[in-house]
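Below: one structure, written as structure tokens.
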Amino acid sequence: MNLLILYWSQTGNTEKMAQIIKDECESKGSKVEMVFSDDYQNCNIDNFDVIAFGCPAMGDEELEDTSFEPMFSDLENKLNDKKIALFGSYEWNNGEWMGFWKERCDKNNLNVIDTVICYDAPDENSTNDIKTFADNLLK
């Protein structure tokens, strides 16, 4: 299994989630590439079985708009035959942005196989949820 993790992180919480996903998948024998959203142009998404997109909630429950949103919008029409997954952290409200993001993907007929959110930095409970999410990517 080849997994690409494309993420954006400001405080480091979503990056920590990405690292947990990477470590868990590699421990099960998968090949994983972790790329910050600014550097996605160097990735050939056709080389990956699954793409996990990570972005924290920003502003009024939305995706980060200067790096991540343009990257995701650029790739969105190229993902129809890919398995994708969504993850990210939040520090206010209740994590509604993930529901909005998933709805957007569903409207565009993208194959979202799983989502996971984390309040603030990963703690023991959320780390277990993130590891379960990672395991689901390998199915």
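The values are calculated or read from the model by the stated rules, or taken from the named source; none is laboratory data. The model shown is predicted, which means the values in this text are computed figures rather than measured ones. Don't worry about glycine lacking a Cβ; one is built from the backbone with ideal geometry, like all the others, and counts go over all protein chains shown. For accessibility, only protein heavy atoms count, side chains too; no ligands or nucleic acids. Shrake-Rupley method; radii C 1.70, N 1.55, O 1.52, S 1.80 Å.
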Practice problem: Answer yes if at least one residue in segment 54-65 is under 24 Å from Lys131 (Cβ atoms) and in a strand (DSSP E or B), and no otherwise. | Solution: yes
Practice problem: Determine whether Asp106 is touching a strand residue (DSSP E or B) at 6+ places or on another chain (Cβ under 8 Å) and of a type in the set (Asp, Glu). | Solution: yes
Quiz item: So which of Glu24, Glu61 is in contact (Cβ under 8 Å) with a residue 24 or more places away in the chain, more than 18 Å from Lys102 (Cα to Cα) and of a type in the set (Asp, Glu)?
Solution: Glu24
Quiz prompt | Scan of segment 114-130 for residues that are surrounded by 15 or more Cβ atoms within 10 Å (Cβ to Cβ) and either under 13 Å from the mean Cα position of the chain (by Cα) or not in a helix (DSSP H, G or I) (or both), ordered by number | solution = Asp114, Thr115, Val116, Ile117, Cys118, Tyr119, Ala121, Pro122, Ile130
Quiz item: Looking at Ile20, is it at pLDDT 95 or above, among the β-branched types (Val, Ile, Thr) and touching a Pro at 6+ places or on another chain (Cβ under 7 Å)?
Solution: yes
Quiz item: Looking at segment 36-85, which of its residues are among the β-branched types (Val, Ile, Thr) and under 20 Å from Asn111 (Cβ atoms)?
Solution: Ile45, Val50, Ile51, Ile84
Practice problem: Using the structure shown, decide if Gly95 is touching a strand residue (DSSP E or B) at 6+ places or on another chain (Cβ under 6 Å) and at positive phi. | Solution: yes
Exercise. Just one of (1) over 17 Å from Thr132 (Cβ atoms); (2) open to solvent by less than 20 Å² (accessible area, probe 1.4 Å) trips up Ile5, so point out which.
Key: (1)
Quiz item: Any residue in segment 21-35 that is part of a loop (DSSP other than H, G, I, E, B), in contact with a Leu (Cβ under 7 Å, 6 or more places away or on another chain), of a type in the set (Gly, Ala, Ser) and under 23 Å from Thr127 (Cβ atoms)?
Solution: yes
Quiz item: Given the conditions (1) of a type outside the set (Phe, Trp, Tyr); (2) within 27 Å of Tyr119 (Cβ to Cβ); (3) surrounded by fewer than 17 Cβ atoms within 10 Å (Cβ to Cβ), which single one is not true for Met98?
Solution: (3)
Self-check item: Unmet requirement for Asn80, which otherwise passes all of (1) open to solvent by 10 Å² or more (accessible area, probe 1.4 Å); (2) modelled with pLDDT of 95 or more
Solution: (2)
Practice problem: Could you please tell me which pairs satisfy a Cβ distance under 7 Å, a separation of 6+ or placement on different chains, a first residue in segment 70-95 that is touching a residue at least 40 places away in the same chain (Cβ under 8 Å), and a second residue that is buried (at least 17 other Cβ atoms within 10 Å of the Cβ) and among the acidic types (Asp, Glu)? | Solution: Ala85/Asp114
